[in-house]
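Heads up, the thing below is written out as structure tokens.
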Amino acid sequence: MAKQNAVVTGYGFYAPSRVVTNLDLEKMGVGTSDEWITTRTGIKERRFASDGETTSTMATRAARIALERARLRPQDLDLVVLGTCSPDYLFPATACLVQTALGAERAGAFDVEAACTSFVSALAIANGMILAGSARNALVIGAECLSHLLDLKDRTTCVLFGDGAGAVVLEASNASVGVESAVLHADGSKGDLLWVEGGGSRVPATNETVAQGKHFIRMQGGETFKLAVKSMADAAEEALAEAGVTADDIDIMIPHQANVRIIDAVVKRLKFPEEKVFVNIQRYGNTSAASIPIAIAEAAEQGRLKKGDRVLLVAFGGGFTWGASVMEWWGVPIPDRREKTIVERAARTVEDVLDKVRP
Ligand code: ACO
């Protein structure tokens, strides 16, 4: 059998309809302003989940669009991998909720938690499983409901984050080079610079931890900013080298959307042409694990991502974690999937018969 690569055959995103503008936050009396948020972050508005919406419901909506585009039935999925740091529950995994909502009855399902690097991490795992032959396809999702983890009295965090979900279908194919590299890194010694301290096994939820607001996101922004710039630039260079390409070979860079100043600094460090960088933070804020797959889907819908384009993804997040990936964009269903399956099945049948009749 020819070597199989993993290619994206479908993509989709979902952003909740509730728009929260900088002006809305200004009016809440948290001591912020549209001017501060815009100049410090590039964010103009973000989406917050409406009543009843959660990480899994948003993920399911994005996933359905991605499956539809890939023309893949949920029951034919081998794997659902979902990146998030705002799961519906500590367990069961949000991926399992999505798997059952979709009716992906054959699929294995698990979550990946690497904060804003979760999607790139999930993609690396799914790619590895497809290359290893243990899955033929995977639904890879990044989804967050961060508004439920925000302290709306903490201006240093509540203006930054938003909700949403993005998904891609990754499938084995020998038609393209597909995912060409995936690098992941972490430094757990700095975990408390960006975290939700309470609610886990070390600081279990009690009336006291809730009163202290330990179930909210807390961040040391300045320190995070500096590390994000260096780490994202380093990871991008490493992913390019691993793929055997240079920045000149990249058609579009899709960075994690945490802060437009971080993106600008990374781009400058890499000496990458600004016009090849996709930015949508102004409309969604930082949606953590969802930011890259939402940006992928928007870029593709806007025609900025075309079949054969080489894409660079780069992320940084809590943990700290960071990573990058280079891939050749496919973005359409595998045309001969059905015929190939029939041919493969027929070939297997012939082999079975021959095995039985061979002496
Ligand atoms: N409105 C008005 N003033 C504010 C606000 C606000 N929303 N937030 C902070 N300030 C104030 C601060 O209190 C401080 O005031 P002081 O000087 O009186 O103390 C002043 O503004 C400057 O604060 P800084 O934190 O130094 O502002 P900075 O320019 O660093 O911007 C920011 C803060 C936007 C958070 C930036 O540091 C940042 O983007 N950090 C990185 C975020 C990131 O990449 N996170 C990783 C991914 S997220 C994930 O993994 C879940």
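Summary table
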read-out: More than 34 Å apart - percent of Cα-Cα pairs taken over the range 5-333; value: 17
read-out: Choice from Ala143, Ala135, Ala211 showing the highest fluctuation, given a GNM over the chain with Cα pairs closer than 10 Å; value: Ala211
read-out: Order by protection proxy (mean Cβ within 10 Å, highest first), peptides 272-282, 174-184; value: 174-184, 272-282
read-out: Beta bridges per DSSP with both ends in the chain, % antiparallel, nearest 5; value: 70
read-out: Surface accessible to a 1.4 Å probe, per residue, for the residues of the chain, Å²; value: 45
read-out: Separation between Cα centres of the range 243-275 and the range 276-311, rounded to whole Å; value: 13
read-out: Carbon and sulfur %, accessible surface of the chain computed with the full protein complex present, 1.4 Å; value: 53
read-out: GNM top mover of Ser201, Ser50, Ser291 - the chain, alpha-carbon springs below 10 Å; value: Ser201
read-out: Segments 292-304, 221-233, 73-85 sorted - mean Cβ within 10 Å per residue, highest first; value: 73-85, 292-304, 221-233
read-out: Residue among Gly317, Gly12, Gly133 with the largest mean-square fluctuation in a Gaussian network model of the chain, springs linking Cα atoms under 10 Å; value: Gly133
read-out: Relative contact order of the chain, defined on C-alpha pairs under 8 angstrom at six or more residues apart (%); value: 25
read-out: Cross-link partners of Lys3 among lysines (Cα-Cα below 20 Å; sequence separation of 8 or more within a chain); value: Lys340
read-out: Normalised alpha carbon radius of gyration of the range 83-177 [divisor 2.2 N^0.38 Å]; value: 1.23
read-out: Candidate aspartates and glutamates for bridging to Lys44, where Cα separation is under 13 Å - those fewer than 8 sequence places away on the same chain excluded; value: Asp24, Glu26, Asp34, Glu35
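The values are calculated or read from the model by the stated rules, or taken from the named source; none is laboratory data. Just so you know, these numbers come straight off a predicted model, no measurement behind them. Cβ coordinates were reconstructed from backbone atoms using ideal geometry, including for glycine residues, and neighbour counts include every protein chain displayed. Remember, those area values only see protein heavy atoms, side chains included, never the ligands or the DNA or RNA. Shrake-Rupley method; radii C 1.70, N 1.55, O 1.52, S 1.80 Å.
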